[in-house]
Each structure stands twice: as C-alpha cells, then as structure tokens.
Amino acid sequence: MDEARTVVVIGGTRGIGKAIAMRFAEDGAHVVVAGRGKASGLEVARACEAAGAPAARYVETDVGEARSVEALGVAVAGEFGVPSVLINCAGILQSGKRVLDQALDEDEAIWRVNYRGTLLGCQVFGRMMAAAGRGAILNVGSLASFAPLSLPAYTPGKHAVLALTQILAAELGPRGVRVNAVAPGYTLSDGLKEKIAKGERNPEAIKASTALRRFVDPRDVAEAAMFLCSDRASAVTGVTLPVDAGWLVQAPYAHYLQGNPIRPIVAI
C-alpha cells in the first residue's frame, strides 16, 4: 500500500460499506467514513483507527443532496488531499413488487440515492482524481445489475450503476483513473438481517438459490473491493464483479433442470 493512501467510503456507516472501511483500515490506509448515521459513523471511524488506520474521520453526508457530497469532497481534500480510492456504497433496499404497483415517490427516493448518489460521488471525486492523474473508484452494484429482479426501482437503478461504471472507465482511463464495481449477492448485512427478521426474506430459500449454498458475508465483498482498488488490478477497469456465492450461475442452471432433468446413463 502506498504511504498516505486515503480511502473515502460513502455509505460506510454500516453493512458492506463498514466492512470495506475496516478492510482498508487493516491495510493501513487513512479512512473517511461518510453517511447519514452520525453515531454509527463515529463508531466505525473509531473502529478503523483501532484496526490500523493512521487516521479515520466521519463526515456526515447525504448523497441525496449535491451540496452535501460537494462538501464532503472539500473536507477530504482539505485534510488528506486527493484520495486514492473512492467507494460508492450508499444505497436503499426494496422489497419485491410489480412495476404497475410501484409508487412514484418510492421510485424517486431509491433512484435519488442508489443511482444519483453514486453519480454525485463519481463526479466530485472523479474530477479531483482526474486532475491528479491517479485514483480508483469502486461502485457497488448488485445482482440486479445483471438480472431482472422484481424490484422495479432498485433493479433499473443498479443496471444504471453498471452502465455508469463502464462509461466512466472509458472517460477517466486516459486520465489515470480506474473505475470498477462489485455486484454483491444476498449479503448478510444489517439491511438483509432486518428484512429476514420482518419475514420479508426467506433465508433457507435464498441459500438454496446459490451454487455455494450460503450467504455472502460483507467481508467477502470487502476483499473483492480491496483487490479491484489495488495495484494487483492495475489493468482492470470497467468491470462489474459479481460476489454472489454463485447465484448468477445457479439460478438459470436450476431452472433449466426443472424441464430438462439429468438422467443417469443406463449401461447396455
């Protein structure tokens, strides 16, 4: 790791974002945790320093407001200079429903955070990195970036994050900035645990839908993030990497078997 490397984790107050912040802290990076939960953000910043970050800060940030994300950029630049890594992890989950039943206010709220919030982070820090001629941006997509899940606001937004990642990779590559994304599967984060507790998700059915028959741990996503933002991935840009315990391969494989079961070969 380069000395004085600074990592900004937007949406780092809980779940996957927290795990990513902690992983970079263990690697000795300065960490800036940004999000709306002040108490949890301060707690994560303290945990990052305890884990090995030379310095860790919490900056209250609302990705739904452009001025808030711009203020975050000013705060980071003022204390740490241009960061080496930006993680865009802020997001809102959605429960399943049909497109025709999608309330427009819910649609707007999810798009404002999941897509527009990611776009704002990329713009504010992408400009700084492009001017410096270096940097890595990592967006957090989803299985919904690849599959038509019955989440009529969340799924199109995550499709859009994948496209944004590809466009930015082409635009910023000549300026020395790499842009990639991870697509977590069913990750046992705080948000999913809450959905399971409310009966809105079936944990056994979820595990059965993966090739590895398990949930993804937030730490699994953090390890992928660490790789994509490191020099080991210096030739990798524009990629959205699934971290899904094999859901994307298991779902079509299992569905195909329902109508075309594998039968044992009968010896003659």
Criterion: within 17 Å of Leu93 (Cβ to Cβ), surrounded by 15 or more Cβ atoms within 10 Å (Cβ to Cβ) and in contact (Cβ under 8 Å) with a residue 60 or more places away in the chain - qualifying residue of Thr187, Thr155: Thr187
Total residues in the range 229-252, condition touching a Leu at 6+ places or on another chain (Cβ under 7 Å) and either of a type in the set (Phe, Trp, Tyr) or within 16 Å of Ser142 (Cβ to Cβ) (or both): 8
Whichever residue in the range 115-130 is without any contact (Cβ under 8 Å) to a residue 60 or more places away in the chain and among the small types (Gly, Ala, Ser) and, among such residues, is nearest to Leu93 (Cα to Cα): Gly126
The range 13-38 residues that are at positive phi, paired with ones that are at pLDDT below 95 (beta carbon under 7 Å, 6 or more apart): Gly15/Ser189; Gly15/Asp190; Gly15/Gly191; Gly28/Met1
Hits in the range 125-141 - residues which are in a loop (DSSP other than H, G, I, E, B) and at positive phi: Gly133
Pick from the range 41-74, criterion basic (Lys, Arg) and exposed (fewer than 15 other Cβ atoms within 10 Å of the Cβ), ranking: farthest from Gln123 (Cα to Cα): Arg46
Residues of the range 225-242 classified as surrounded by fewer than 21 Cβ atoms within 10 Å (Cβ to Cβ), under 16 Å from the mean Cα position of the chain (by Cα) and aliphatic (A, V, I, L, M), total: 2
Qualifying positions in the range 84-112 - over 30 Å from Gly176 (Cβ atoms) and either of a type in the set (S, T, N, Q) or in contact with a Lys or Arg (Cβ under 6 Å, 6 or more places away or on another chain) (or both): Gln94, Ser95, Gln102
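The values are calculated or read from the model by the stated rules, or taken from the named source; none is laboratory data. Bear in mind the structure is a predicted one, so any value in this text is a computation, not a measurement. Virtual Cβ from ideal backbone geometry, glycine too; neighbours counted across all protein chains shown.
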